[in-house]
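Undergrad: One structure is given below, represented as structure tokens, and several questions about it will come after.
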Amino acid sequence: MNRDKLIEAWLREEEIAHIHGWDFSHISGRHEESPLPWSYREIILGRLTPGMKLLDMDTGGGEFLLSLNHPHKNTAAIEAYPPNAKLCREVLLPLGVDFREAAADGPLPFEDRSFDIVLNRHGSFNPSEIRRVLKPGGLFITQQVGADNDRALVEALFDAPPPIPYPDQHLSIIKDRFEQAGFSALDAQECFVPIRFFDVGALVWFARILEWEFPGFSVAGNLSRLIALQEALEAGKPIEGKAHRFLLVMQKTE
């Protein structure tokens, strides 16, 4: 192991760590995440028809939303992160998608009973606001990152691991909140799937991107842990963690 060259490469990963929309292609082939036991896209398409009014919350750059091929005139989206909101204005608005810059956990900038389906993949939410903008019998379909996501990786990188950022992100807790807000569950699933990194530099980039899971992480500040992971890799021990996900399909009740 040429330590100086490795550290130089890790520092480059730290410097270039940024994301366009929600694109992890920079570390494609350098890490892998096992597939989930469900397909969020197929679950949506199994319930979505062209005439339905659709809202996608925290849409990122609109990449996933556009992959659904829903009629643009019946499609709306919100996003609050400024770089992604700018991308949405450039991409979604010219297509005729009703894009509005707004936070997903605050007041939604739409009239009561505007939508048949509201989507939310890995975003924040307010159950009462979602209920307000849904039509009677409307659906909220969400895939969420769980509280224990990447926790083994966090513990591998820090001598004193930071607190879990969103400790309530468990299926049972979120399902209960929606039921109390006037929803019934049509589908509810939770899983933990392996995630692996094949080089330390890919983990450096990943940790810098997910700063809420790895707060305060830096190559300089976590160097001894990075070197230990490199030594373990060279000894044949992979860098492994688990992704925590859950899925809910909730129907508005009257």
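The values are calculated or read from the model by the stated rules, or taken from the named source; none is laboratory data. None of these values were measured; they are calculated from a predicted model. Note that each Cβ is placed from the backbone with ideal geometry, even for glycine, and that neighbours are counted across all protein chains shown.
Undergrad: Looking at the range 8-15, can you tell me whether even one residue there is surrounded by fewer than 18 Cβ atoms within 10 Å (Cβ to Cβ), over 15 Å from residue 119 (Cα atoms) and touching a Ser or Thr at 6+ places or on another chain (Cβ under 9 Å)?
TA: yes
Undergrad: State whether one or more residues within the range 230-252 are outside any loop (DSSP other than H, G, I, E, B), among the β-branched types (Val, Ile, Thr), touching a helix residue (DSSP H, G or I) at 6+ places or on another chain (Cβ under 6 Å) and surrounded by 17 or more Cβ atoms within 10 Å (Cβ to Cβ).
TA: Checked the range 230-252: at least one residue is outside any loop (DSSP other than H, G, I, E, B), among the β-branched types (Val, Ile, Thr), touching a helix residue (DSSP H, G or I) at 6+ places or on another chain (Cβ under 6 Å) and surrounded by 17 or more Cβ atoms within 10 Å (Cβ to Cβ).
Undergrad: Say whether the condition of being assigned to a loop (DSSP other than H, G, I, E, B), acidic (Asp, Glu) and under 21 Å from the mean Cα position of the chain (by Cα) is met by at least one residue in the range 39-53.
TA: There is no residue in the range 39-53 that is assigned to a loop (DSSP other than H, G, I, E, B), acidic (Asp, Glu) and under 21 Å from the mean Cα position of the chain (by Cα).
Undergrad: Is it fair to say residue 175 is in contact (Cβ under 8 Å) with a residue 60 or more places away in the chain, out of contact with any Asp or Glu (no Cβ under 6 Å at 6 or more places or on another chain) and among the basic types (Lys, Arg)?
TA: Yes: the conditions hold for residue 175.
Undergrad: Under 8 Å between Cβ atoms, which residue pairs at least 6 apart in sequence (or on different chains) link something in the range 114-136 that is within 13 Å of residue 253 (Cα to Cα) with a partner that is among the β-branched types (Val, Ile, Thr) and at pLDDT below 95?
TA: Within 8 Å, no pair qualifies.
Undergrad: Right, something else. Of all residues being under 20 Å from the mean Cα position of the chain (by Cα) and in a loop (DSSP other than H, G, I, E, B) in the range 197-215, which is surrounded by the most Cβ atoms within 10 Å (Cβ to Cβ)? Just the residue, please.
TA: Restricting to residues being under 20 Å from the mean Cα position of the chain (by Cα) and in a loop (DSSP other than H, G, I, E, B), the top hit is 214.
Undergrad: Condition first: assigned to a helix (DSSP H, G or I) and surrounded by 14 or more Cβ atoms within 10 Å (Cβ to Cβ). Now tell me which residues in the range 165-175 satisfy that.
TA: Those that are assigned to a helix (DSSP H, G or I) and surrounded by 14 or more Cβ atoms within 10 Å (Cβ to Cβ): 171, 174, 175.
Undergrad: With (1) under 14 Å from the mean Cα position of the chain (by Cα); (2) in a strand (DSSP E or B); (3) more than 24 Å from residue 85 (Cα to Cα) as the list, and residue 136 as the residue in question, which single condition is left unmet?
TA: (1)
Undergrad: Checking the conditions here, which among 109, 94 is more than 17 Å from the chain's Cα centre (by Cα), under 25 Å from residue 18 (Cβ atoms), modelled with pLDDT of 95 or more and not acidic (Asp, Glu)? Talk me through it step by step, then tell me what you get.
TA: Values: 109 fails: under 25 Å from residue 18 (Cβ atoms).
The conditions single out 94.
Undergrad: For the range 176-196, name all the residues that are of a type in the set (Asp, Glu) and either closer than 14 Å to residue 157 by Cα or outside any helix (DSSP H, G or I) (or both).
TA: 187, 190 - these are the residues of the range 176-196 that are of a type in the set (Asp, Glu) and either closer than 14 Å to residue 157 by Cα or outside any helix (DSSP H, G or I) (or both).
Undergrad: Please identify the pairs in which a residue from the range 1-29 that is within 22 Å of residue 60 (Cα to Cα) and at pLDDT below 90 has its Cβ atom under 7 Å from the Cβ atom of a residue that is surrounded by 14 or more Cβ atoms within 10 Å (Cβ to Cβ) and of a type in the set (D, E, K, R), counting only partners at least 6 apart or on another chain.
TA: 17/208; 21/63; 22/63
Undergrad: Just the residues that are of a type in the set (Lys, Arg) and crowded, with 19+ Cβ neighbours inside 10 Å, please, taken from the range 116-160.
TA: Matches in the range 116-160: 121, 131.
Undergrad: Within the range 192-212, how many residues are in contact with a strand residue (DSSP E or B) (Cβ under 9 Å, 6 or more places away or on another chain) and closer than 15 Å to residue 164 by Cβ?
TA: Summing the residues that are in contact with a strand residue (DSSP E or B) (Cβ under 9 Å, 6 or more places away or on another chain) and closer than 15 Å to residue 164 by Cβ in the range 192-212 gives 1.
Undergrad: Right, next: Checking residue 56 against (1) within 30 Å of residue 109 (Cα to Cα); (2) in contact with a helix residue (DSSP H, G or I) (Cβ under 8 Å, 6 or more places away or on another chain); (3) at pLDDT below 95; (4) charged (D, E, K, R), only one condition comes out false. Which one?
TA: All conditions pass for residue 56, except number (3).
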